[in-house]
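Visitor: Take a look at the following structure, please.
The values are calculated or read from the model by the stated rules, or taken from the named source; none is laboratory data. Here the structure is a predicted model, which is why all the values come from computation and not from measurement. All Cβ positions, glycine included, derive from the backbone under ideal geometry; neighbour counts span all protein chains shown.
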Amino acid sequence: DPKEALLRVRDVVVRFGGIVALDQVSFDVPRQQIVGLIGPNGAGKTTLFNCLSRLYETTSGGIELDGLSILNLPAHAMAARGIGRTFQNLALFPSATVFENILIGCHTRTHGNLLADMLSLRRSRQVNRAAAVVANELIAYLRLGEVAHRRVAELPFGTQKRVEFARALAMKPRLLLLDEPACGLNHEEVEGLADLIRGTQRDFDLTVLLVEHHMGLVMGISDWIVALNFGRRIAAGTPAQVQANPEVIAAYLGES
Ligand code: ATP
């Protein structure tokens with residue numbers, strides 16, 4: 001059923017000792033939609049992303065992708081299941097080139113482990129031709145051609161973020177998890193990012209779950225918003241509905 005949600009999160013609880021980081025959180029991410037996940041610091045957004053990437057175990061509850069539970073799978077299997085992600089603080093190989101970093105994304109879908117792949121890539125100097133074609137297509141799509149053979153560490157932060165985005169796309173995800181993509185970007189770069197996320201969603205038939213503190217970005221591009229506070233879901237609705245929700249407004253006022 002194409003109408004059925006791609007991702008279902010059901011009554012997810014995560015406890016760290018006495019801290020309840022997620023408390024019975026449920027929501028759906030419908031196919032080919034952009035869903036924004038918002039909430040003040042400590043609300044549980046990163047914890048939820050880490051559950052979806054299988055980096056954290058859930059205490060209880062269910063997470064299904066395409067009707068199948070992911071909770072029995074190891075983290076390195078997630079790319080093959082169709083979940084790609086970016087990280088708040090970037091997780092690129094700084095001494096590798098843009099091309100190599102994106103190539104690793106292509107290999108991650110088939111091999112799972114990023115680091116093992118990086119090492120074998122360097123040792124053998126062999127580049128899988130099909131992967132190289134995909135990497136070059138993504139380099140063109142993200143207009144990274146001029147820097148394709150520069151080391152990532154030498155590039156501006158905004159460019160590094162585009163490289164990480166390209167690497168996540170190289171995994172050919174069905175569900176793309178974006179962890180604070182606007183963090184550290186200037187105003188102009190954030191506007192470019194909004195076009196990029198929307199355009200990519202269309203061009204690659206993606207379903208996107210977006211954690212973002214930049215309200216202009218998340219409210220501007222999301223079809224649906226889920227708001228968390230202290231680990232609980234306090235609201236879900238269209239951007240307009242959630243922005244007008246008294247509990248959401250109070251949660252953000254309480255933060256400052
Ligand atoms: P931010 O917007 O600041 O990134 P967040 O919404 O992502 O916040 P989380 O990082 O998920 O929030 O944190 C939710 C709660 O879980 C916090 O109280 C945090 O201290 C706690 N927490 C998260 N990870 C761990 C961990 N590995 N061990 C112990 N407590 C943790």
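Visitor: Kindly establish whether residue 26 is in contact with a Gly (Cβ under 9 Å, 6 or more places away or on another chain), without any contact (Cβ under 8 Å) to a residue 40 or more places away in the chain and more than 12 Å from the ligand (Cβ to nearest atom).
Guide: no
Visitor: OK, next. May I ask you to list pairs of residues, at least six apart or on different chains, whose Cβ atoms are under 7 Å apart, with the first in the range 193-219 being closer than 21 Å to residue 44 by Cα and the second being of a type in the set (Gly, Ala, Ser) and in a strand (DSSP E or B)?
Guide: Hits for this filter: 210/36; 212/36; 218/36.
Visitor: Here's a follow-up. Yes or no: residue 42 within 18 Å of residue 229 (Cα to Cα), under 16 Å from the mean Cα position of the chain (by Cα), surrounded by 15 or more Cβ atoms within 10 Å (Cβ to Cβ) and small (Gly, Ala, Ser)?
Guide: No.
Quick grid of which residues meet (1) hydrophobic (A, V, I, L, M, F, W, C); (2) within 16 Å of the ligand (Cβ to nearest atom); (3) in a loop (DSSP other than H, G, I, E, B):
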| position | (1), (2), (3) |
| --- | --- |
| 9 | yes, yes, no |
| 21 | yes, yes, no |
| 64 | no, no, no |
| 91 | yes, yes, yes |
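Visitor: Still on this structure: Can you report the number of residues in the range 44-58 which are within 12 Å of the ligand (Cβ to nearest atom), closer than 14 Å to residue 24 by Cα and part of a loop (DSSP other than H, G, I, E, B)?
Guide: Residues in the range 44-58 being within 12 Å of the ligand (Cβ to nearest atom), closer than 14 Å to residue 24 by Cα and part of a loop (DSSP other than H, G, I, E, B): 1 in total.
Visitor: Across the range 125-182, what is the number of residues that are small (Gly, Ala, Ser), exposed (fewer than 14 other Cβ atoms within 10 Å of the Cβ) and over 13 Å from residue 96 (Cβ atoms)?
Guide: 3
Visitor: Let me ask something else. For the range 97-104, does any single residue satisfy the condition of being modelled with pLDDT under 85, surrounded by 22 or more Cβ atoms within 10 Å (Cβ to Cβ) and in contact with a Leu (Cβ under 9 Å, 6 or more places away or on another chain)?
Guide: Yes, the range 97-104 contains at least one residue that is modelled with pLDDT under 85, surrounded by 22 or more Cβ atoms within 10 Å (Cβ to Cβ) and in contact with a Leu (Cβ under 9 Å, 6 or more places away or on another chain).
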